[in-house]
Amino acid sequence: MRAGTSMGGARPKATVEDADALWLAKFPHRDDKWNNTRVEHAMLLLARKCGLSCVDSRMTTVGEKDVLLVKRFDRHKIDAGYLRSRMVSALTLLNADDGPDTRQKWSYLLLADELRRTASGTQAKELPELFRRMCFNSLVSNTDDHPRNHAVVAKDQAWSLSPAYDLTPNPMIAVERRDLAMTVGAFGRYANRANLLSQSGRFLLSLQEAASIVDGMTEIVSDSWHATCRQAGVSERDCELIRSAFVYEGFAYDLGNPDIHTVDAEELPSARRR
Ligand SMILES: Nc1ncnc2c1ncn2[C@@H]1O[C@H](COP(=O)(O)OP(=O)(O)O)[C@@H](O)[C@H]1O
Ligand SMILES: [Mg+2]
């Protein structure tokens, strides 16, 4: 319960140890509107169903409160203690910072380009994985997908994309347009199918391959978000509170041919209105 070295991030947390690993414990916060720790656990399970590679997670209870444990992917137990992997956040990879000045560098497309340089030899796997993450974030309205919530790690020589972590649904009022924190495609940050597909080549995917990934994931999220949340112990009340985060209406809006409309997101008129 005593404060140790901070891992950063917005929520209260601590590093704890069990028999064979270090785990990051994520605690509830008194301002939480729903059981965030269970919901985050559910999102990791749902993301796994969608084919993403995610941190291992499990729930535990401390002082009658639900606490999420995520296994540290940057530490590996050896006889002499823990081996420390190198880890760099996407913020560093993108040569950006938190302020507004470098905001244009917050981009999945630029991150894909950086991965092509750093993840040598494994890009054929890493880039489609990054594509899946941005699709997942769009499908669950995880608008907190800023560059500190992506990282690359190197246990030995080779760098690779870290497992996915910090996935949180954000039930918003807007039904026509929701923006992720990072650029997704030709239509900027718009969490929208056509936008996700507009730059599939940057992720080493053909349009057909990308479309089949997006559509497959859409079906899984629509069909199983609720059951997955319940399986993770999220209450029915909390499911109702977060329901609108999943596959929101504007996700499926037809934006026309993205090759023609390569404009900046901020300049876009609102998407097709009903
Ligand atoms: N499983 C993990 N192993 C190693 N580092 C992690 C892990 N999960 C998160 N981190 C690091 O800790 C930071 C904070 O964790 P995060 O889950 O993003 O918390 P918050 O919800 O407070 O933003 C992340 O930005 C990342 O650098
Ligand atoms: Mg975070």
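Here are a few things to note about the model shown:
- Per-region count, region 174-205, residues assigned to a loop (DSSP other than H, G, I, E, B) and either within 16 Å of ligand 1 (Cβ to nearest atom) or without any contact (Cβ under 8 Å) to a residue 40 or more places away in the chain (or both): 3
- Search result, residues across region 140-173 that are at pLDDT 95 or above, among the small types (G, A, S) and either within 9 Å of the chain's Cα centre (by Cα) or away from ligand 1 (no atom under 14 Å from the Cβ) (or both): S141, A164
- Taken as a whole, the structure leaves G216 outside the set of residues that are away from ligand 1 (no atom under 16 Å from the Cβ), open to solvent by less than 60 Å² (accessible area, probe 1.4 Å) and under 22 Å from A119 (Cα atoms).
- Selection status of A47, within 28 Å of D215 (Cα to Cα) and not acidic (D, E): yes
- Residue check, D101 open to solvent by 60 Å² or more (accessible area, probe 1.4 Å) and not in a helix (DSSP H, G or I): no
- Residue, nearest to V140 (Cα to Cα), within region 75-98, restricted to residues that are over 18 Å from the mean Cα position of the chain (by Cα) and open to solvent by less than 50 Å² (accessible area, probe 1.4 Å): A96
- Top-ranked residue in region 151-172 [being aliphatic (A, V, I, L, M) and within 22 Å of N195 (Cβ to Cβ); ranked as nearest to ligand 2 (Cβ to nearest atom)]: L167
- Filter result (closer than 12 Å to K155 by Cβ and either in contact with a Cys (Cβ under 6 Å, 6 or more places away or on another chain) or not in a loop (DSSP other than H, G, I, E, B) (or both)) within region 66-81: R75, H76, I78
- Taken together, the residues in region 42-65 that are open to solvent by less than 50 Å² (accessible area, probe 1.4 Å) and closer than 22 Å to V140 by Cα amount to 13.
- Among the candidates R132, R148, the residue that is closer than 26 Å to R58 by Cβ, open to solvent by 50 Å² or more (accessible area, probe 1.4 Å), more than 16 Å from ligand 2 (Cβ to nearest atom) and outside any loop (DSSP other than H, G, I, E, B) is uniquely R132.
The values are calculated or read from the model by the stated rules, or taken from the named source; none is laboratory data. Just so you know, these numbers come straight off a predicted model, no measurement behind them. Methodologically, a virtual Cβ is constructed for each residue, glycine included, from the backbone with ideal geometry; neighbour enumeration extends over all protein chains shown. Each accessible area value is taken on the protein alone, full model and side chains, heavy atoms only, with ligands, DNA and RNA left out. Shrake-Rupley method; radii C 1.70, N 1.55, O 1.52, S 1.80 Å.
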